[in-house]
Structure formats: C-alpha cells, structure tokens
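Shown next, in structure tokens, is the structure this report addresses.
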C-alpha cells in the first residue's frame, strides 16, 4: 500500500499473480509512476522479468471491461481475463 499511496495509483482488480491498474494509455510504460520531474518513482514499479520486477501481461480498454461485465454478470476477476486473453494488448 505504500507504493500505491506514493504513486497515487490503486489496483482495480487483483488475482493470484496479476494486478490490474488503470492507465492513461495502452503501453506498459504508461502505468509506471514518475516523480514531478519525470523520473521513475523511487520504490515504484519496474518492468522486467527478474525477481522483484513487474511483468506486463496485457492491456484492455474500459469498454472491453464493461463488455465482460455485461456478458458474464455476477462476480468474476477481471485480472484473470486480461492475463489469459491471447489477444490482450493487440490493437489496444
């Protein structure tokens, strides 16, 4: 929660090994927190495949998420759908 508070960025869905954050754009770089000077926020997220780094799983629009809610109804985890969607991030 310290990282979320420092970045003023809170997850909208949490899975066992995936977390969904809102982003101003479709690139994984769009969600990374920065200081007012544009530098990476100390203690924030870092992209990569090494331990401790964040691995990008995909991106979808809010309209896509709304469509999932309309189709599925009830309770489900949006993070699992993005991670398991083979087209996640394509053309978004």
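Coordinate-derived values only; no laboratory data. As the structure is a computational prediction, the values presented were derived from the model and not from experiment. Using ideal geometry, Cβ is built from the backbone for each residue, glycine included, and neighbour counts are taken over all protein chains shown.
Key figures for this structure:
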| item | result |
| --- | --- |
| Cα-based shape type of the stretch 1-57, given that a ≥ b ≥ c are square roots of the gyration tensor eigenvalues and the cut on a/c is 1.5 | rounded |
| Per-pair calculated FRET efficiency, R0 = 25 Å: residue 69 and residue 17 via Cβ, rounded to 0.05 | 0.65 |
| Inter-site label distance for residue 4 and residue 27 at 7 Å from Cα along Cβ, in nm | 2.7 nm |
| Euclidean distance between Cα centres, the stretch 67-83 to the stretch 23-55, Å | 25 Å |
| Difference of contour (0.36 nm per residue) and Cα-Cα distance, residue 37 to residue 56 | 4.4 nm |
